[in-house]
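Here the structure is laid out as structure tokens; the discussion comes afterwards.
The values are calculated or read from the model by the stated rules, or taken from the named source; none is laboratory data. These figures come from a predicted structure and were not determined experimentally. Please note: Cβ atoms are built from the backbone with ideal geometry, for glycine as well, and neighbour counts cover all protein chains shown. SASA here: full protein model, heavy atoms, side chains in, ligands and nucleic acids out. Shrake-Rupley method; radii C 1.70, N 1.55, O 1.52, S 1.80 Å.
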Amino acid sequence: MNRLLVPFSAVAILCVIWWRTTSGTWRLDRVAQSFAFSHFHMGHYRLATGSPEGAEASLRLAIQAAPKSYAALSQLGLSLMRQGRFDEATQCFRDSLVLEPAQAEPHVELANIDLQKNDSASAIQHYRAALQVEPNEISALNNLAWLLATTPRSSKEEGNESVKLAKNALQQAPDEPLVLLQTLAAAYAASGDFSNAIATAEKALAKATNEANQQLVNTLALHLERYRSGQDLRGN
Amino acid sequence: MPTRTVFISALLIALGYALFTDRVWEDYLITYKSSKNLVQGHGLVFHPGEKVHTFTSPLGVLLPAACLVIAPGGADDVALWVFRLLSASAFAGAVALMFRLGTAAGYGSASLLALACMTDAKSVDFSINGMETGFLLFFLAYMLWSLLKSEQKSWLHLGIAWGGLMWTRPDGVIYIAVLVLSTFLFSKHSGRSPVAWFRLFLQAGAVCTVIYLPWFITAWVYYGTPVPHTITAKANAVGSLDFWGVVLTWLRVQTSILMPTTASEALFMPSANFLGGWPSWLPRVSASLSWIAAVAWVWRGFGWQMRALSFCLGLLLTYLTYFAGQAPASWYLPGPTLIALFILSGMLGQLRYVSPRLTMTLTAMLLGLGTWMLIEVAALSKVEQKLVDEGNRKVIGEWLRDNATPGDTMFMECLGYLGYYSGLKTYDFPGMSSPEVVAASRKRKTIVWDALIQELRPTWLVLRPIEADRIIRSTPQILTRDYEEIRVFDVSDQVQKLNVYGQGLLAFDSTFIIFRRVAP
């Protein structure tokens, strides 16, 4: 057997050399994956530090390296949104959802774009889709609750649903952010429960005053006035 | 095939690899900085004036120092090449010893064993890149030879091998302990009584103590502790030992064919394979081969030596898996790989009596795989060295040296090139050069970088994108308020185009973001 090892090794080396010279293209596909990872993190870092243009450049490199990276597509959509390029962003989020439908973030961002375009019906659909994937997605819970509580012509059932969503959102955030309290108050009003609407709005108002958030203090004062007069924010 | 041919072949492969790649693993520069400080009269320390034991291997620091002393003009390159020659010779010696061992054990496959050892990419790579691996392999092979085949004064040979292992790495004690345990468990048919084995180990232990004690005492007196700070820092990051956790890990290793989430996956893989860029089937092949070698002890048909080594391999893989999961650092693997190759070639040697054709096919596959990986790793290492290490990390170190002010400090993970070329006071993670990092980690009871940075307030941060992204997600004010981004060093566009495997390693170190502290 020992005598055969040398010719066997020689054949093995020749096979390797042949493979190296013929399998380049396939290998380059694999190469790209590793770099996509690095570009993706660079893109996310740039996005978080307020440089959407830099983020876009890195994320496009990530997608070029790994075209099926749905997370990179979603982040690219965000960077485009922050640059006000809503149509391109919409396309990115849609492409990302085609690659991986079980994502909440692209739906939330598509809904946010719809809101920019005053298309609340489509926004509601996207928030609902996001919550199907992630039932506790806090921004989807809050925004959908707000939409249902403030959109004209919505029903009392939708008002009740809005209360449920807003309460769920508050459960996810133990420090009770003002914006969630504001939504819950609006939801109570939309469901016809004005006493709870007033109590929640007063709580929010006290907190906003405490935080010296004058803009929200003014807004909540107006809301409170409406609730006290038996009016919700839908104009009903 | 005479032993001399084996030795020369292995030496030529290692030196050819060194010439082709010119590889310098970054940890060499961590150690070499202490070697250089010693030669220049600053003491055996990383930062002059700070008596910290920042290296793990006494041989790995003292031999380069000796190489630097004899290098004409104190040239770093010459010192490195002399060290490479010594280390490659030790590697060749290990291969030759394994060949002798295989021949003496009656393996018809001793040549296969030798060829498989000399084409193991990690072993070759780490025998020339400035690490102490060549010496570790030599003393490990010497230990196996002393234990299994030495007939005269085996206690002396074994004691010298153990002493050498301890000088190579203090965790050589793990190799010694698991081999002693395995030998006791399977020595029933060894022709030596348990008392005789005990006496042998006792004598060898005495020799080992005599050999290692001078360093042990020197380190204790000089640094105030015999435990290297590198081990203290890593232990702080890893956590404590849990008996049942170890038992569970051993069971996972023994069943790793079903749950391939152990170090078995990495055993026959190239360096840093876990970073990606290698074919997905490769870890599965590696895990399968490792598993076969690690469970061979259950088969009573094998000789006691092979069963003992198989059990020993399982314990070593348990040790690596417990502390590093699927991704142990590359320099921990060549030792267990050497043992696994001994077992596999022994199995193939026995298989040939059953089916010569199957044996030949498997032999060709094993050697083909090893040769292919060696070629691919050589291609990868050449690129890594030229474009990533010298083209990026060294450049960053030099840029920091030119742009930092005296007294500045730097936080980062990759200490080697950055620490060596910047000359700055380093707060590396997990703190191998820096007791301050370990102290900060203990004070904050965490190893999360955000807390360490807030505690230490280094002047500079050198972060990979993934590291910066992690911080920005958890504590954004560190990078948006306390530090400002100064510069990005990025060679990814050059490296990405190259046609080499293992690009995960290249991608990992291709981009760095430099931050400077702006907060008081």
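Looking at segment B:467-495, which of its residues are of a type outside the set (Asp, Glu), touching a residue at least 12 places away in the same chain (Cβ under 8 Å) and open to solvent by less than 60 Å² (accessible area, probe 1.4 Å)?
The answer is B:ALA468, B:ILE471, B:THR475, B:ILE478, B:LEU479, B:TYR483, B:ILE486, B:VAL488, B:PHE489, B:VAL491, B:SER492, B:VAL495.
Kindly indicate whether B:PRO465 is more than 25 Å from the chain's Cα centre (by Cα) and closer than 17 Å to B:LEU505 by Cβ.
Numbers: more than 25 Å from the chain's Cα centre (by Cα): yes; closer than 17 Å to B:LEU505 by Cβ: yes.
Yes.
Pick out the one residue from B:ASP22, B:ASP27 that is farther than 25 Å from B:GLY163 by Cα and outside the structural domain of B:SER434 (by TED's automatic domain parsing). Reasoning before the result, please.
On the way: B:ASP27 fails: farther than 25 Å from B:GLY163 by Cα.
Step by step, each of B:ASP22, B:ASP27 is checked, and only B:ASP22 is farther than 25 Å from B:GLY163 by Cα and outside the structural domain of B:SER434 (by TED's automatic domain parsing).
How many of the residues in segment B:501-514 are facing chain A (nearest Cβ under 7 Å) and touching a strand residue (DSSP E or B) at 6+ places or on another chain (Cβ under 9 Å)?
Counting residues in segment B:501-514 that are facing chain A (nearest Cβ under 7 Å) and touching a strand residue (DSSP E or B) at 6+ places or on another chain (Cβ under 9 Å) gives 2.
Restricting the search to segment B:170-214, which residues are of a type in the set (Gly, Ala, Ser) and in a helix (DSSP H, G or I)? Spell out the reasoning first.
First, pick out the residues of segment B:170-214 that are of a type in the set (Gly, Ala, Ser): B:172, B:177, B:182, B:187, B:190-191, B:193, B:196, B:204-206.
Selection gives B:GLY172, B:ALA177, B:SER182, B:SER187, B:ALA196, B:ALA204, B:GLY205, B:ALA206.
Assigned to a helix (DSSP H, G or I), β-branched (Val, Ile, Thr) and under 14 Å from the mean Cα position of the chain (by Cα): does that describe B:VAL124? Quick ask: steps written out before the conclusion?
Details: assigned to a helix (DSSP H, G or I): yes; β-branched (Val, Ile, Thr): yes; under 14 Å from the mean Cα position of the chain (by Cα): yes.
It is true that B:VAL124 is assigned to a helix (DSSP H, G or I), β-branched (Val, Ile, Thr) and under 14 Å from the mean Cα position of the chain (by Cα).
Determine whether segment B:331-350 contains at least one residue that is open to solvent by 30 Å² or more (accessible area, probe 1.4 Å), at negative phi, assigned by TED's automatic domain parsing to the domain that holds B:ILE231 and not in a helix (DSSP H, G or I).
no
A quick yes/no check of all residues on (1) modelled with pLDDT under 95; (2) buried (at least 24 other Cβ atoms within 10 Å of the Cβ); (3) in contact with a Gly (Cβ under 6 Å, 6 or more places away or on another chain):
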{"site": "B:VAL45", "(1), (2), (3)": "no, no, no"}
{"site": "B:PHE55", "(1), (2), (3)": "yes, yes, no"}
{"site": "B:ALA66", "(1), (2), (3)": "no, no, no"}
{"site": "B:GLY93", "(1), (2), (3)": "no, no, no"}
{"site": "B:PHE99", "(1), (2), (3)": "yes, yes, no"}
{"site": "B:ALA104", "(1), (2), (3)": "yes, no, no"}
{"site": "B:GLY134", "(1), (2), (3)": "no, yes, no"}
{"site": "B:PHE139", "(1), (2), (3)": "no, yes, yes"}
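For segment B:91-149, what are the residues that are within 13 Å of chain A (Cβ to nearest Cβ) and closer than 19 Å to B:ARG23 by Cα?
Across segment B:91-149, the qualifying residues are B:MET118, B:THR119, B:ALA121.
One line per residue, one yes/no per condition, for (1) open to solvent by less than 40 Å² (accessible area, probe 1.4 Å); (2) small (Gly, Ala, Ser); (3) over 23 Å from A:LEU178 (Cβ atoms); (4) in contact with a strand residue (DSSP E or B) (Cβ under 8 Å, 6 or more places away or on another chain):
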{"position": "A:ASP95", "(1), (2), (3), (4)": "no, no, yes, no"}
{"position": "A:PRO101", "(1), (2), (3), (4)": "no, no, yes, no"}
{"position": "A:GLU105", "(1), (2), (3), (4)": "no, no, yes, no"}
{"position": "A:GLN132", "(1), (2), (3), (4)": "no, no, yes, no"}
{"position": "A:PRO135", "(1), (2), (3), (4)": "no, no, yes, no"}
{"position": "A:ILE138", "(1), (2), (3), (4)": "no, no, no, no"}
{"position": "A:ASN142", "(1), (2), (3), (4)": "yes, no, no, no"}
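Within segment B:469-500, restricting attention to residues that are part of a helix (DSSP H, G or I) and among the hydrophobic types (A, V, I, L, M, F, W, C), which residue is farthest from the other protein chains (Cβ to nearest Cβ)?
The first filter runs over segment B:469-500 and keeps only residues part of a helix (DSSP H, G or I), leaving B:469-474, B:476-482, B:492-496.
Checking which are among the hydrophobic types (A, V, I, L, M, F, W, C) leaves us with B:471-472, B:478-479, B:495.
Values: B:ILE471: 9, B:ILE472: 4, B:ILE478: 11, B:LEU479: 6, B:VAL495: 8 Å.
This residue is B:ILE478.
Going by the structure shown, is A:SER74 surrounded by 21 or more Cβ atoms within 10 Å (Cβ to Cβ), farther than 22 Å from B:LEU463 by Cβ and hydroxyl-bearing (Ser, Thr, Tyr)? Spell out how you get there, then give the answer.
On the way: surrounded by 21 or more Cβ atoms within 10 Å (Cβ to Cβ): yes; farther than 22 Å from B:LEU463 by Cβ: yes; hydroxyl-bearing (Ser, Thr, Tyr): yes.
So A:SER74 passes the test.
For segment B:304-330, which positions are among the small types (Gly, Ala, Ser) and under 14 Å from the mean Cα position of the chain (by Cα)?
Initial filter on segment B:304-330 (among the small types (Gly, Ala, Ser)): B:308, B:310, B:314, B:324-325, B:327, B:329-330.
Result: B:ALA324, B:ALA327, B:ALA329, B:SER330.
Picking from B:ARG393, B:ARG401, which residue would you name as being at pLDDT 95 or above, in contact with an Asp or Glu (Cβ under 8 Å, 6 or more places away or on another chain) and away from chain A (no Cβ under 14 Å)? Full working, then the answer.
Working: B:ARG401 fails: in contact with an Asp or Glu (Cβ under 8 Å, 6 or more places away or on another chain).
Of the residues listed, the single one that is at pLDDT 95 or above, in contact with an Asp or Glu (Cβ under 8 Å, 6 or more places away or on another chain) and away from chain A (no Cβ under 14 Å) is B:ARG393.
Quick one: is B:ILE453 assigned to a helix (DSSP H, G or I) and more than 14 Å from chain A (Cβ to nearest Cβ)?
Working: assigned to a helix (DSSP H, G or I): yes; more than 14 Å from chain A (Cβ to nearest Cβ): yes.
In short, yes.
Here is a check on your reading of the model: is B:VAL383 modelled with pLDDT under 95, in a helix (DSSP H, G or I), out of contact with any helix residue (DSSP H, G or I) (no Cβ under 6 Å at 6 or more places or on another chain) and open to solvent by 10 Å² or more (accessible area, probe 1.4 Å)?
Values: modelled with pLDDT under 95: yes; in a helix (DSSP H, G or I): yes; out of contact with any helix residue (DSSP H, G or I) (no Cβ under 6 Å at 6 or more places or on another chain): yes; open to solvent by 10 Å² or more (accessible area, probe 1.4 Å): yes.
Against the criterion (modelled with pLDDT under 95, in a helix (DSSP H, G or I), out of contact with any helix residue (DSSP H, G or I) (no Cβ under 6 Å at 6 or more places or on another chain) and open to solvent by 10 Å² or more (accessible area, probe 1.4 Å)), B:VAL383 qualifies.
Just one of B:VAL210, B:VAL247, B:VAL227, B:VAL238 is touching a Gly at 6+ places or on another chain (Cβ under 9 Å), open to solvent by 20 Å² or more (accessible area, probe 1.4 Å) and not assigned by TED's automatic domain parsing to the domain that holds B:VAL448; which is it? If you could, list the steps in order and put the result at the bottom.
Values: B:VAL247 fails: touching a Gly at 6+ places or on another chain (Cβ under 9 Å); B:VAL227 fails: touching a Gly at 6+ places or on another chain (Cβ under 9 Å); B:VAL238 fails: touching a Gly at 6+ places or on another chain (Cβ under 9 Å).
Result of the check over B:VAL210, B:VAL247, B:VAL227, B:VAL238: B:VAL210.
Taking A:ILE124 as meeting all but one of (1) touching a residue at least 24 places away in the same chain (Cβ under 8 Å); (2) in a helix (DSSP H, G or I); (3) more than 23 Å from A:ASP114 (Cα to Cα); (4) open to solvent by 20 Å² or more (accessible area, probe 1.4 Å), write down the number of the exception.
(3)
Go through segment B:106-121 and give me each residue that's open to solvent by 20 Å² or more (accessible area, probe 1.4 Å) and in a helix (DSSP H, G or I).
B:LEU115
Look through segment B:254-282, keep the residues that are more than 14 Å from chain A (Cβ to nearest Cβ) and part of a helix (DSSP H, G or I), and return whichever of them is most open to solvent (accessible area, probe 1.4 Å).
This residue is B:GLU265.
Tell me which helices (runs of 4 or more DSSP H) are completely within segment A:1-105 and hold 1 or more residues being facing chain B (nearest Cβ under 8 Å) and at pLDDT 60 or above, or say none if there are none. Lay out the reasoning, then the answer.
On the way: elements: A:2-22, A:24-48, A:52-65, A:70-82, A:86-99.
Helices (runs of 4 or more DSSP H) meeting the threshold: A:2-22, A:24-48, A:52-65.
Pick from segment B:406-421 the residues that are open to solvent by 10 Å² or more (accessible area, probe 1.4 Å) and in a helix (DSSP H, G or I): which of them is farthest from B:ALA440 (Cα to Cα)? Steps first, please.
Initially, segment B:406-421 is screened for residues open to solvent by 10 Å² or more (accessible area, probe 1.4 Å), giving B:406-409, B:413, B:420-421.
Now drop any that are not in a helix (DSSP H, G or I), which leaves B:420-421.
On the way: B:TYR420: 23, B:TYR421: 25 Å.
It comes out as B:TYR421.
If I ask for residues that are in contact (Cβ under 8 Å) with a residue 24 or more places away in the chain and farther than 14 Å from B:GLN254 by Cα, which ones from segment B:318-331 would you list?
B:PHE323, B:ALA324, B:GLY325, B:GLN326, B:ALA327, B:PRO328, B:SER330, B:TRP331
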